[in-house]
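Visitor: This structure is in structure tokens; I'll ask about it shortly.
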Amino acid sequence: MKRTLSAVVALGAGLLLAGLAGAPAGAATAGAAAPDNRSVTTYEPSTENIANPERGFYHSTETHYRADGSGYTPFKLDTLRKWRDQEHITQVLRVFYLEKFAGTDRIDPAYLDLLRADFATARAAGLKVIVRFAYAQPKDDYPYAPPYGDAPRERVLKHISQLAPVLRANTDVIATVQAGFIGLWGEGYYTDYFAADPSNPGVLTSRDWANRRAVFSALLRALPETRTISVRTMQMKQKTLDRPSGTEGALTAEEAFSGSPASRIGHHNDCFLASPDDFGTFLSDPITLDQEYLAQETQFLPIGGETCSVDAPRSEWDSAKAEMTRYHYSYLNTDYNHSVLDSWGDNIEEARQRLGYRFRLTEGEFTNAVRPGHSFDVDLTLHNDGWASPYNPRSVELILAGEHESYTVEVPSDPRRWAAGTDAEISAKVCANVPPAQYRLLLNLPDPESRLHSQQAMPGGTASYNSAYAIQLANDGVWQPETGYNDLGQTLVVGPHEASTSSCGGALHPHPTKR
């Protein structure tokens, strides 16, 4: 049985009970005992490619819905599970082509059911979906010419309104929504309705930008504040929000995660490393303004995409690594462009490990023993070896796992602020208002969405676990795959009671768990 400690977050000092601390796990090394009933543990790093959520290489998929209702290819559960289990892939790009609806305002209910089924399959496989909607692909080889086949503004807005309930109901398995809808592939360029002259789509009027702004705003409204949309160029965001390029216009640390439009519009680059301006991705003059803008923004927002053309030496490993570091890349297409990806050789393994976040415990300092009603301390240091931090909300929980009952403490720390290349400190001071016993200390970094949380109550006081959506730390021997918890290699001894023992407060609430 698991219960929640809803007291002040902190585990504090109690009566000294020397020699009762549990031995650390194999991944942890106990140092000399610290003063005041505290000990220090160090942790060994892992070189494993970890299947952590919302990061890493992705597979690109697409499905269609043509005028006669044909073309929809549902997700296959076995395929998604194979990608996760064998390739450690946790995100899939899904481009939903809406060919049938480019000429009509109403989306078929049957189509919405197909979307729901795809999201359910992704959830069952333990993956999240990078979503994009589009109306058209090229009918002929380059150079492309109108008509391209997308839909006018008012029709797009009606479609977003009909899609919104499905998106909101499945937000838990949506990583980000690429803005889509406009132009070929939903990339916002070759368009019949969002450029005054479709044959010259690089020249946009104020009305064109107003129409695009309406689409982006509708998408933001269609999603809860916890989710982002991602646009194809920095200029698209700058024009939408009337902000300049460069660091002057980029999202600040104070604005980040506030729920404002600026904090919810990220980026995707589908011609990464292809040319000096990535085939029109960087559009500022000078180009350094957009580069500085993107480097600042992506500390707090998602960026991903795909390579699309060899441009040596820029597309080779040294340059690619430097840019993925500078721009905080979270995800990249493993299917395209193979000529670029193959040029990285064995370095592709480093990319697999470092795309997105990679949290590694370095040290922990713990109270060893405490009397009931007193508080105890846990102080952890983690390092982020990845190129980015998580871009969606993430919970932090400390678990006290006893032989008969276990307890959870919610720690007020935001992993989205655990910046790439830096240390993060987690300090908890918690009231030990628990029965006398020995408790194993565990760290849980679950998805806050109820359907994906690593542990869930079930009828009869039992528990169900979903470790696929919890974060595994990059340390040897700490991961509990059956629960999604990370073992801190430390045991806290509580008790026994004394008549004079005071209480530091804190209510207990039933909650099932597995030790």
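Just so you know, all these numbers are worked out from the coordinates, no wet-lab data involved. Values in this document were obtained by computation on a predicted structure and should not be read as measured data. Methodologically, a virtual Cβ is constructed for each residue, glycine included, from the backbone with ideal geometry; neighbour enumeration extends over all protein chains shown.
Visitor: Provide, for q = 0.20, 0.27 Å⁻¹, the log10 of I(q)/I(0) from a solvent-free Debye sum over equal Cα point scatterers in the range 208-271.
Guide: Rounded to two decimals, the profile gives -0.79, -1.35.
Visitor: Let me ask something else about it. Quote the relative contact order of the range 51-116 in percent (integer), defining contacts as alpha-carbon pairs under 8 Å separated by 6+ residues.
Guide: That works out to 44 percent.
Visitor: Do any chymotrypsin sites (Phe, Trp or Tyr not before Pro) in the range 326-419 lie in a DSSP loop with no more than 16 other beta carbon atoms within 10 Å, and if so, which?
Guide: Passing sites in the range 326-419 are Y336.
Visitor: Starting from the amide H of Y148, placed 1.01 Å from N in the peptide plane, find each other amide H under 5 Å away whose residue is 5 or more places distant or on another chain.
Guide: Amide H to amide H, under 5 Å and 5 or more residues apart or across chains, Y148 pairs with D192.
Visitor: For the range 302-426, take every pair of Cα atoms, bin their distances at 5 Å starting from 0, and report each bin as a whole percent.
Guide: Each 5 Å bin holds this share of Cα pairs: 2, 9, 16, 18, 13, 11, 9, 7, 6, 5, 3, 2, 1.
Visitor: Spin-label point model (7 Å from Cα, Cβ direction): what's the D346 to R116 distance in nm?
Guide: Placing both labels 7 Å along Cα→Cβ, they lie 5.1 nm apart.
Visitor: What are the ³J(HN,Hα) values, in whole Hz, obtained from phi via the Karplus relation 6.51 cos²θ - 1.76 cosθ + 1.60 with θ = phi - 60°, for each residue of the range 195-200 in sequence order, with x given for Gly and Pro?
Guide: Values per residue, Gly and Pro as x: 9, 4, 10, x, 7, 10 Hz.
Visitor: Counting pairs of alpha carbon atoms under 8 Å apart in space and at least six apart in sequence, what relative contact order in percent does the range 137-261 give?
Guide: Reported relative contact order: 25 percent.
Visitor: Given H placed 1.01 Å from N in the peptide plane, which residues other than close sequence neighbours of Y485 have an amide H under 5 Å from its amide H?
Guide: Placed amide hydrogens put Q480 under 5 Å from Y485.
Visitor: Separate question: Label the chain by shape, choosing from rounded, prolate and oblate, from the square roots a ≥ b ≥ c of the eigenvalues of the Cα gyration tensor; if a/c is under 1.5 it is rounded, and otherwise prolate applies when a/b is larger than b/c, oblate when it is not.
Guide: Prolate.
Visitor: For R221 and T288, calculate 0.36 nm times their separation in residues minus their Cα-Cα distance, and state this gained length in nm to one decimal.
Guide: Contour length minus the Cα-Cα distance gives 20.9 nm.
Visitor: While we're here: Label the range 399-480 by shape, choosing from rounded, prolate and oblate, from the square roots a ≥ b ≥ c of the eigenvalues of the Cα gyration tensor; if a/c is under 1.5 it is rounded, and otherwise prolate applies when a/b is larger than b/c, oblate when it is not.
Guide: oblate
Visitor: Collect residues whose amide H, placed 1.01 Å from N in the peptide plane, falls under 5 Å from the amide H of T362; neighbours closer than 5 in sequence don't count.
Guide: Under 5 Å from the amide H of T362 lie the amide H atoms of T381, L382, H383, each far enough along the sequence or on another chain.
Visitor: Further question: Where Lys and Arg each count +1 and Asp and Glu each count -1, what net charge lies around P165 among other residues with Cβ under 13 Å from its Cβ?
Guide: Charge balance in the 13 Å sphere: +2.
Visitor: Further question on the same structure: Given a Förster distance of 22 Å, report the FRET efficiency between T205 and D242 from their Cβ-Cβ distance, rounded to the nearest 0.05.
Guide: Computed FRET efficiency for T205 and D242 comes out at 0.90.
Visitor: If each residue of separation counts as 0.36 nm, what is the full-extension length gain between E403 and R213 once their alpha-carbon separation is subtracted?
Guide: Between E403 and R213, full extension yields an extra 62.8 nm.
Visitor: Per DSSP H run of n ≥ 4, the term is -39500 (n - 2.57); total these for the chain, divide by its residue number, and report the mean residue ellipticity at 222 nm rounded to 500 deg cm²/dmol.
Guide: -6000 deg cm²/dmol
Visitor: Could you count how many Lys pairs in the chain have their Cα atoms under 24 Å apart, skipping same-chain pairs fewer than 8 positions apart?
Guide: Lysine pairs satisfying the spacing and distance rule in the chain number 10.
Visitor: Distance between Cα centroids, the range 85-133 to the range 45-80: provide it in whole Å.
Guide: 9 Å
Visitor: Would you please name the chymotrypsin sites (Phe, Trp or Tyr not before Pro) within the range 110-156 that are DSSP coil residues with at most 10 other C-beta atoms within 10 Å of their C-beta?
Guide: In loop regions of the range 110-156 (DSSP not H, G, I, E or B), there are no sparsely surrounded chymotrypsin sites (Phe, Trp or Tyr not before Pro).
Visitor: Could you tell me the distance between the Cα centroids of the range 250-300 and the range 345-409, to the nearest Å?
Guide: 29 Å
Visitor: Provide the FRET efficiency to the nearest 0.05 for the H338-K139 pair, computing r from the beta carbons and using R0 = 35 Å.
Guide: Plugging the Cβ-Cβ distance into 1/(1 + (r/R0)^6) gives 0.85.
Visitor: Mind computing the radius of gyration and Dmax over the alpha-carbon atoms of the range 40-137? Å is fine for both.
Guide: Computed over the Cα atoms of the range 40-137, radius of gyration and Dmax are 17.2, 66 Å.
Visitor: Hey, another quick one. Could you give the C-alpha radius of gyration of the range 198-354 expressed as a fraction of 2.2 N^0.38 Å, taking N as the number of residues it contains?
Guide: 1.06
Visitor: Along the Cα-to-C-beta direction of H64, a point sits 7 Å from the Cα; which residues of the range 88-132 have their amide N less than 12 Å from that point?
Guide: 97-100
Visitor: Just name one of T104, P147, S275: the one whose Cα is farthest towards the positive end of the charge dipole of the chain (beta-carbon charges, Lys/Arg +1, Asp/Glu -1).
Guide: Ranked along the dipole, the leading option is T104.
Visitor: Shifting gears a bit: Under the definition of Cα pairs under 8 Å and six or more residues apart, what whole-number percent is the relative contact order of the chain?
Guide: Relative contact order here is 21 percent.
Visitor: Another question, then. Taking a ≥ b ≥ c as the square roots of the eigenvalues of the Cα gyration tensor of the range 85-162, is the shape rounded (a/c under 1.5), prolate (a/b larger than b/c) or oblate?
Guide: oblate
Visitor: Here's something else I'd like to know. Kirkwood hydrodynamic radius, computed over distinct alpha-carbon pairs, for the range 365-416: how many Å, to one decimal?
Guide: 13.7 Å
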